[in-house]
Amino acid sequence: MTTFVDRVELHVAAGNGGHGCASVHREKFKPLGGPDGGNGGRGGDVTLVVDQDITTLLDYHHSPHRKATNGQPGAGDNRSGKDGQDLVLPVPDGTVVLDRNGNVLADLVGQGTTFVAGQGGRGGLGNAALASARRKAPGFALLGEPGEARDVVLELKTVADVALVGYPSAGKSSLISVLSAARPKIADYPFTTLVPNLGVVTAGSTVYTIADVPGLIPGASQGRGLGLEFLRHVERCSVLVHVLDTATLESDRDPVSDLDMIEEELKQYGGLEDRPRIVVLNKIDIPDGQDLADMIRPDLEARGYRVFEVSAVARTGLKELSFALAGVIAEARAAKPVEAATRIVIRPKAVDEVGFTVTKEEDGLYRVRGEKPERWVRQTDFNNDEAVGYLADRLNRLGVEDELMKAGARAGDGVAIGAEDNAVVFDWEPTMAAGAEMLGRRGEDHRLEAPRPAAQRRRDREAERDEAQREFDDFNPF
């Protein structure tokens, strides 16, 4: 059973915005009291939040599809729809968010750091919000926008100060178990450690974290063994500790060649050249191990390494190692530049910015791309002629019609608004009437001004009854 996952592909879908409502207020003696349709609610966002209590991406491995709730549609009597509930997904500290092409979208480090992976759709306006002096009673409302849906890749990179690297069975798990309160699995066979282990070490006034990375073998940077899967966990560390086995049972290995091999794999992986190195000669409690440590120590020190001889079993040399690591980490923390508070910079767009483009394609089709035109198309109910006429008005005021003329478009040419896979295509007419002339002048509703036949018939019947009553009264003297 998998208990640790550090890379998943997550499919997120934000909530859709609720549709606006087209309603006319009705009450006794006031059958057409004006528009009162409410706005639709906003769709919920999908947000990733760093939670220190989460250490793995296992939940998203089992359930990779996550969706926020939709906004509710508006209703009559100026009742707006309820906003969709945001979906908050907790992730471990050190999670990197990438798109499917490998581009980094966010690096989530620090408790409470957030990233909006999916933006909820806007709610559509009701006809009450669309009313104006010219458009007194709109017979349409705007549709809610669909929420953002996309696939993201989550990669966990352990946030630790020290990373223990070395061959399988070099004693890394034993070392972290005696330096900290961590209790990793320890056994006398290779690849006992299948997941990174974290421990907290206190040395004097310095507290730091130490990570035990699964063993590396030749070719780890190219995917052999478990190295490639977990080398990412050493990227954030301040110091690398080479744990060398001085009592290996393999005849073709020795601590110096092991060190050279691990360094070559780290070089192939890249990005770790500037990290300070410390060499730990482990298992000196074994007689042959102590002899080999005494033999190779001068050579390692000649290369510039700080060398420590320890025994995780006998617990010798641990205090010197922990305080040496604390000193290196303190220097790294002191050299780290102080991060200034993030300044909020607001850069409003220019008022006269066009905000869209018109291009002529090889097949003679004119394509309009831009945030506003595409959003307006998504909000339009094309089964409603008045809504289509309102869209035509908006596009005309934005300048789309003028740009089409400049691009050489003629009446009857095909025009597409949006991307190729989700575009609205129509034959362009410069007047952009779109059938709205059936409603009288665009933006007005003749229902508020035209006579009502039912009311007129009722008045005629009342007049006939009054006339009959008068004739009866004149005929009957009593």
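The values are calculated or read from the model by the stated rules, or taken from the named source; none is laboratory data. These numbers were taken from a predicted model, which means no experiment stands behind them. Every residue, glycine as well, gets a Cβ built from its backbone with ideal geometry; the counts of neighbours run over all protein chains shown. Side chains are part of the model used for accessible areas, which takes the heavy atoms of the whole protein and leaves out ligands, DNA and RNA. Shrake-Rupley method; radii C 1.70, N 1.55, O 1.52, S 1.80 Å.
For the range 50-64, does any single residue satisfy the condition of being within 14 Å of residue 121 (Cα to Cα) and touching a residue at least 40 places away in the same chain (Cβ under 8 Å)?
No, the range 50-64 contains no residue that is within 14 Å of residue 121 (Cα to Cα) and touching a residue at least 40 places away in the same chain (Cβ under 8 Å).
For the range 252-272, which positions are among the acidic types (Asp, Glu) and either within 18 Å of residue 294 (Cβ to Cβ) or surrounded by 17 or more Cβ atoms within 10 Å (Cβ to Cβ) (or both)? Quick ask: steps written out before the conclusion?
First pass over the range 252-272, keeping only residues among the acidic types (Asp, Glu): 252, 254, 258, 260, 263-265.
Across the range 252-272, the qualifying residues are 254, 258, 265.
Give the residue, chosen from 410, 397, that is under 17 Å from residue 362 (Cα atoms) and surrounded by fewer than 16 Cβ atoms within 10 Å (Cβ to Cβ).
On the way: 397 fails: under 17 Å from residue 362 (Cα atoms).
Testing whether each residue is under 17 Å from residue 362 (Cα atoms) and surrounded by fewer than 16 Cβ atoms within 10 Å (Cβ to Cβ) leaves just 410.
β-branched (Val, Ile, Thr), open to solvent by less than 20 Å² (accessible area, probe 1.4 Å) and out of contact with any Pro (no Cβ under 8 Å at 6 or more places or on another chain) - does that describe any residue in the range 79-94?
Keep residues of the range 79-94 that are β-branched (Val, Ile, Thr), which gives 88, 91.
Of the ones still in play, those that are also open to solvent by less than 20 Å² (accessible area, probe 1.4 Å) are 91.
Keeping just the survivors that are out of contact with any Pro (no Cβ under 8 Å at 6 or more places or on another chain) gives 91.
Yes: the range 79-94 contains one or more residues that are β-branched (Val, Ile, Thr), open to solvent by less than 20 Å² (accessible area, probe 1.4 Å) and out of contact with any Pro (no Cβ under 8 Å at 6 or more places or on another chain).
Out of curiosity, is residue 266 modelled with pLDDT under 85, under 25 Å from residue 329 (Cα atoms) and in a helix (DSSP H, G or I)? Reasoning before the result, please.
Details: modelled with pLDDT under 85: yes; under 25 Å from residue 329 (Cα atoms): yes; in a helix (DSSP H, G or I): yes.
Yes, satisfied.
Under 7 Å between Cβ atoms, which residue pairs at least 6 apart in sequence (or on different chains) link something in the range 113-136 that is under 13 Å from residue 39 (Cβ atoms) with a partner that is in a strand (DSSP E or B)?
127/35; 128/35; 131/35
Report whether or not residue 189 is among the aromatic types (Phe, Trp, Tyr) and modelled with pLDDT of 80 or more.
Values: among the aromatic types (Phe, Trp, Tyr): yes; modelled with pLDDT of 80 or more: no.
Answer is no for this residue.
Can you find a residue in the range 116-134 that is in contact with a helix residue (DSSP H, G or I) (Cβ under 7 Å, 6 or more places away or on another chain), within 21 Å of residue 54 (Cβ to Cβ) and part of a strand (DSSP E or B)?
Initial filter on the range 116-134 (in contact with a helix residue (DSSP H, G or I) (Cβ under 7 Å, 6 or more places away or on another chain)): none.
Checked against the condition, which is being in contact with a helix residue (DSSP H, G or I) (Cβ under 7 Å, 6 or more places away or on another chain), within 21 Å of residue 54 (Cβ to Cβ) and part of a strand (DSSP E or B), the range 116-134 yields no hits at all.
Can you confirm whether residue 35 is surrounded by 17 or more Cβ atoms within 10 Å (Cβ to Cβ), touching a residue at least 12 places away in the same chain (Cβ under 8 Å) and more than 30 Å from residue 144 (Cα to Cα)? Walk me through how you get there before you give the answer.
Details: surrounded by 17 or more Cβ atoms within 10 Å (Cβ to Cβ): yes; touching a residue at least 12 places away in the same chain (Cβ under 8 Å): yes; more than 30 Å from residue 144 (Cα to Cα): no.
Against the criterion (surrounded by 17 or more Cβ atoms within 10 Å (Cβ to Cβ), touching a residue at least 12 places away in the same chain (Cβ under 8 Å) and more than 30 Å from residue 144 (Cα to Cα)), residue 35 does not qualify.
Which ones in the range 275-290 are over 18 Å from residue 239 (Cβ atoms) and surrounded by 13 or more Cβ atoms within 10 Å (Cβ to Cβ)? Before the answer, list the steps.
First pass over the range 275-290, keeping only residues over 18 Å from residue 239 (Cβ atoms): 283-290.
If the condition is that a residue be over 18 Å from residue 239 (Cβ atoms) and surrounded by 13 or more Cβ atoms within 10 Å (Cβ to Cβ), then 283, 284, 285, 286, 289, 290 are the ones that fit.
Select, from 24, 50, the only residue that is over 23 Å from residue 237 (Cβ atoms) and surrounded by 17 or more Cβ atoms within 10 Å (Cβ to Cβ). Give the steps one after another, and end with the answer.
Details: 50 fails: over 23 Å from residue 237 (Cβ atoms).
Result of the check over 24, 50: 24.
For residues in the range 154-185 being assigned to a strand (DSSP E or B) and touching a Ser or Thr at 6+ places or on another chain (Cβ under 6 Å), which is modelled with the highest pLDDT? Working first, answer last.
Kept after step one, since they are assigned to a strand (DSSP E or B), are these residues of the range 154-185: 154-156, 162-165.
Next, from what is left, pick out any that are touching a Ser or Thr at 6+ places or on another chain (Cβ under 6 Å): 154, 156.
Working: 154: 92, 156: 83.
It comes out as 154.
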